[in-house]
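The values are calculated or read from the model by the stated rules, or taken from the named source; none is laboratory data. Predicted model only: the values in this text are computed from it and were never measured. Note: ideal-geometry Cβ built from the backbone for every residue, glycine included; neighbour counts use all protein chains shown. All accessible areas refer to the heavy atoms of the entire protein, side chains included, with ligands and DNA or RNA removed. Shrake-Rupley method; radii C 1.70, N 1.55, O 1.52, S 1.80 Å.
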Amino acid sequence: MMSSSALSRDFASSLVVFLVAIPLCLGIAVASGVPVAMGLISGIVGGLVVGLLAGSPLQVSGPAAGLAVIVFGFVEQYGIAMLGPVLIVAGLLQVLAGFLKIGWWFRAISPAVVHGMLAGIGILIILGQIHVLMGARPAAGGIENVTAMEQTFARVWGAGLTREAVALLVGLISLLAMIAWEKFRPKPLMLVPGALVGVAAGTILTVGMQLPIARVEVPSSLIESITLPTLDGFTRMVEPGIIVTTLVIAVIASAETLLSSAAVDRMHDGVRTRFNKELFAQGIGNGLCGLLGALPITGVIVRSSANIQAGARTRASAVLHGVWILGLVAFLPQLLAMVPLTALAAVLLVTGWRLISLHHVRHLFDHHGWAPVGIWTATVAMVVLQDLLVGVALGLALSILEILPYLRRKLAIDRLEEDETIHLDLVGVATCKDVPTLLNMLETLPEGRKIRIAGTRLHYLDHTSAETLREWLKRQKKSGRLVEIEHPPVGRHRRLKPIFEKLSEEVA
């Protein structure tokens with residue numbers, strides 16, 4: 001039974017998440033080149049369905065900026081009607097992955113590749129939304145958006161005060177309001193999201209001055225916006241381009257969800273994520289989104305962190321935020337119809353910048369040197385210059401190339417329990433392929449026991465395994481568990497000494 005205290009906290013948290021989610025649901029739909037109703041339906045499904053089934057109780061799911069670029073390009077090439085069948089099949093693949101317990105393997109992907117992919121997507125979002133900020137339509141690719149900049153700017157600086165110039169002014173005011181609020185907001189209003197303030201500023205200005213700029217088009221009924229997939233759509237699923245996009249959406253949605261889940265676990269001391277159950281829940285959610293004609297969903301860190309910061313205790317918060325979205329669309333759609341598209345573009349510009357995460361690049365360099373930074377850079381470049389699949393494939397290839405001399409060697413973990421201390425002796429070589437084994441050992445250790453990790457027989461540790469170990473140590477320190485680190489002897493691989501020094505700092 002939920003306590004009244006937990007229920008009240010979840011209720012309050014759900015309102016905060018709802019206020020964060022609304023601008024993102026609208027903005028991501030615009031960035032995806034689809035009607036905003038599709039983003040709202042996805043937000044409702046992410047709350048009501050995935051919220052109930054999720055393996056990560058405090059994670060919030062909904063339409064994600066990380067998939068907006070993929071959806072935009074797909075819709076431009078194959079049409080909006082094909083998105084439904086693609087999401088149904090992608091959802092089934094996620095459900096299958098959950099049943100086959102593949103969730104662990106997504107965490108074996110190099111952090112340099114994952115964050116490089118997100119950074120590339122962030123750059124593409126920024127390049128596209130600069131056009132929307134000025135009342136123009138974005139192109140499908142990064143290079144195309146760059147070459148179209150001159151034409152878009154020409155419309156803004158035309159004779160007199162053009163409609164595009166007015167849109168730019170409203171967008172910049174929304175952007176400044178959002179940034180200023182997040183930097184200077186008073187403590188009593190800390191939970192009011194900057195995105196809401198930015199959109200509210202742009203909306204009040206547009207409505208108050210009756211400015212002639214494009215606004216959100218909201219259907220009179222949400223039911224009218226539901227478009228069921230057709231048989232013809234499923235017959236086209238054998239086309240190579242559609243097959244590739246289906247696989248890309250399934251993999252990227254799963255990787256982004258599990259990356260977010262791992263981040264959410266670091267933010268609280270409650271129940272840990274059950275990754276395969278989370279994959280199953282996301283698959284059900286994406287399949288339902290495909291059936292209803294909505295956008296793909298993932299677990300999203302922005303809404304999840306807002307949920308935790310607002311004091312959520314159970315999954316009830318995520319579920320309730322879906323109820324509030326449904327209520328708003330059902331009873332106050334005219335309120336959403338006042339929002340200018342340029343204000344949503346401002347929200348997405350900030351979202352895209354946060355995806356780039358230069359802080360993570362500095363972390364990779366400080367802890368692991370140039371190799372992962374090179375992987376990150378190559379991934380970003382190919383995502384922006386070619387496409388997401390090429391970028392991720394190149395990043396994964398470079399990650400494997402980095403550890404190629406060590407792939408044949410395995411990691412063994414010798415475990416010895418002595419009184420109140422558990423000794424873990426890492427033996428051999430630890431690379432990304434050993435991350436599931438390493439995590440399974442670490443996350444099944446009994447609570448309340450001191451842990452001693454010895455690297456005296458370790459010969460190599462790649463940055464993926466090192467980051468996995470570091471994140472686990474951070475959680476243990478936060479929980480108050482005592483952990484000792486024994487360093488490898490002098491003369492082993494040159495990367496081991498600095499890595500173990502950093503690991504020791506995590507538990508000092």
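Quick notes on this structure:
- Counted residues, segment 2-59 - those being in contact with a His (Cβ under 7 Å, 6 or more places away or on another chain) and among the hydrophobic types (A, V, I, L, M, F, W, C): 4
- Of all the criteria given as (1) buried (at least 18 other Cβ atoms within 10 Å of the Cβ); (2) more than 17 Å from Val16 (Cα to Cα); (3) of a type in the set (A, V, I, L, M), the one not satisfied by Leu358 is (1).
- Residue tally, condition touching a Ser or Thr at 6+ places or on another chain (Cβ under 9 Å) and among the hydrophobic types (A, V, I, L, M, F, W, C), over segment 127-158: 7
- Just one of the numbered conditions (1) within 16 Å of Gly290 (Cα to Cα); (2) surrounded by 24 or more Cβ atoms within 10 Å (Cβ to Cβ); (3) in contact with a Pro (Cβ under 7 Å, 6 or more places away or on another chain) is not true of Phe74: (3).
- Breaking point among (1) within 22 Å of Leu344 (Cα to Cα); (2) open to solvent by 30 Å² or more (accessible area, probe 1.4 Å), for Arg9: (1)
- Pair list, Cβ < 6 Å and 6+ apart or interchain, from segment 40-52 residues that are in contact (Cβ under 8 Å) with a residue 40 or more places away in the chain and open to solvent by 10 Å² or more (accessible area, probe 1.4 Å) to residues that are among the aromatic types (Phe, Trp, Tyr) and in a helix (DSSP H, G or I): none
- Reported count of residues in segment 132-149, each being open to solvent by 40 Å² or more (accessible area, probe 1.4 Å) and either touching a residue at least 24 places away in the same chain (Cβ under 8 Å) or under 29 Å from Gly369 (Cα atoms) (or both), is 3.
- One residue alone among Ile143, Ile173, Ile223, Ile213 is modelled with pLDDT of 95 or more and among the β-branched types (Val, Ile, Thr), and that residue is Ile173.
- For segment 397-508, the strands (runs of 3 or more DSSP E) that sit wholly inside it and include 2 or more residues that are open to solvent by 20 Å² or more (accessible area, probe 1.4 Å), among the acidic types (Asp, Glu) and over 25 Å from Lys101 (Cβ atoms) are 411-418, 483-486.
- No other residue among Leu67, Leu58, Leu15, Leu24 is among the hydrophobic types (A, V, I, L, M, F, W, C), open to solvent by 10 Å² or more (accessible area, probe 1.4 Å), in a helix (DSSP H, G or I) and over 18 Å from Thr342 (Cα atoms) apart from Leu15.
- Test: residue in segment 161-174 that is in contact with a strand residue (DSSP E or B) (Cβ under 7 Å, 6 or more places away or on another chain) and either under 22 Å from Ile28 (Cα atoms) or open to solvent by less than 40 Å² (accessible area, probe 1.4 Å) (or both): yes
- Hey, Arg354 modelled with pLDDT under 90 and assigned to a loop (DSSP other than H, G, I, E, B) or not: no
- Enumeration of residues in segment 368-422 that are free of Cβ contacts under 8 Å to residues at least 24 places away in the same chain, out of contact with any strand residue (DSSP E or B) (no Cβ under 8 Å at 6 or more places or on another chain) and of a type in the set (Asp, Glu): Glu418, Asp419
- The residue that is farthest from Leu295 (Cα to Cα), counting only those in segment 210-231 that are touching a residue at least 60 places away in the same chain (Cβ under 8 Å) and in a helix (DSSP H, G or I), is Leu222.
- Val207 being surrounded by fewer than 21 Cβ atoms within 10 Å (Cβ to Cβ) and either modelled with pLDDT under 90 or not in a helix (DSSP H, G or I) (or both): no
- The numbered conditions (1) at pLDDT below 85; (2) out of contact with any His (no Cβ under 9 Å at 6 or more places or on another chain) are all true for Leu259 except (2).
- Residues in segment 245-286 that are more than 27 Å from Val390 (Cβ to Cβ) and open to solvent by 20 Å² or more (accessible area, probe 1.4 Å): Arg266, Met267, His268, Asp269, Gly270, Val271, Arg272, Arg274, Asn276, Lys277, Phe280, Ile284.
- The lone exception for Gly322 - which of (1) within 23 Å of Ala165 (Cα to Cα); (2) crowded, with 20+ Cβ neighbours inside 10 Å it fails: (1)
- Scan of segment 483-502 for residues that are touching a Ser or Thr at 6+ places or on another chain (Cβ under 9 Å) and of a type in the set (A, V, I, L, M, F, W, C), ordered by number: Ile485
- Complete set of residues in segment 291-338 that are under 16 Å from Gly39 (Cα atoms) and not aliphatic (A, V, I, L, M): Gly293, Pro296, Thr298, Gly299, Arg303, His321, Gly322, Trp324, Gly327, Pro333
- Restricting attention to segment 325-349 and to residues that are assigned to a helix (DSSP H, G or I) and without any contact (Cβ under 8 Å) to a residue 40 or more places away in the chain, the residue that is least open to solvent (accessible area, probe 1.4 Å) turns out to be Gly327.
- Evaluated against (1) over 18 Å from Pro229 (Cβ atoms); (2) open to solvent by 10 Å² or more (accessible area, probe 1.4 Å); (3) of a type in the set (S, T, N, Q), Gln129 falls short on exactly one condition, (2).
- Of all residues in segment 27-46, exactly one satisfies the criterion of being in a helix (DSSP H, G or I) and either more than 25 Å from Leu288 (Cα to Cα) or polar (S, T, N, Q) (or both), namely Ser42.
- Screening Gly84 with (1) of a type outside the set (A, V, I, L, M); (2) over 19 Å from the mean Cα position of the chain (by Cα); (3) not in a helix (DSSP H, G or I) gives one miss only, at (3).
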